[in-house]
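Presented below is the structure to which this report refers.
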C-alpha cells in the first residue's frame, strides 16, 4: 500500500512538472513572437512610416527598395537590437540579484548600483574627474567604477554586520539615497550645458546605436 501511494505521488509530481514545463514553453514562444513583432513595428514606425511587409523583407534579406533597406539596417534596426540586448542584460542582472539574495525586491536600483553609476558619470560630466582613459570611454568607465563601489559597499556592510538578505537590500537603499544626494549636489553646481548632458545620460538614449 505504501509503495502504491509513493508511485501515485511520484506520478502526480511528474504530471505537474510536465504541465509547468509546457506552460513555460508556451510563455517563451509567445514572448519570442511578441518580441519579433515588436522589432518589426519599431523598424516600421518613425518619420517615414514603412509597410510591415517591406520591413520584414528587408530584415530577412530579400530584395526590396534601397531606401527601405538603408532606413531599416542603418537607422532603425541597430536601435531595436541594442534595446533587446540592454533589456536582456538588465533582466539577467535583476534575476541574478534576486536569486543570490532570495528577495524579489533586489535589483540594481534598490541596491544603489544604478545610483552609484549615475554619480560616477556625473563626476566626469560636471567636474571632468576620471581615470586616465580615452575621453570617449571616460563616462562609461567611471560609471562602471562607481557601480563597483556601490556593490562593494553593500557587500562590506552586509559582511560587517552579518546581515540577512533583507539587511543587504536596506544597505543598498541607504547607498541609493547617498549617491542620489551626491548626484543632486553635482547637478546644482553644474553649468547649464553640463546639467543637460547629465540629465540626458541618466535618462539614456539608444539613438547613437550602429
Taking segment 11-49 and keeping only residues that are in contact (Cβ under 8 Å) with a residue 24 or more places away in the chain and outside any helix (DSSP H, G or I), one is left with 46
Condition test on residue 138, is it within 21 Å of the chain's Cα centre (by Cα), farther than 27 Å from residue 187 by Cβ and in the same structural domain as residue 204 (by TED's automatic domain parsing)? no
Odd one out for residue 64, checked against (1) modelled with pLDDT of 85 or more; (2) more than 24 Å from residue 205 (Cβ to Cβ); (3) over 28 Å from the mean Cα position of the chain (by Cα): (1)
Which residue, of 158, 148, 153, is at pLDDT below 90 and out of contact with any strand residue (DSSP E or B) (no Cβ under 8 Å at 6 or more places or on another chain)? 158
Sole residue being assigned to a helix (DSSP H, G or I), within 17 Å of the chain's Cα centre (by Cα), under 16 Å from residue 206 (Cβ atoms) and free of Cβ contacts under 8 Å to residues at least 40 places away in the same chain, chosen from 143, 89, 83: 89
Counted residues, segment 99-109 - those being more than 14 Å from the chain's Cα centre (by Cα) and surrounded by 13 or more Cβ atoms within 10 Å (Cβ to Cβ): 3
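The values are calculated or read from the model by the stated rules, or taken from the named source; none is laboratory data. Just so it is clear, the model here is predicted, and its values are computed rather than measured. Reconstructed Cβ throughout: ideal geometry from the backbone, glycine too, with neighbour counts over all protein chains shown.
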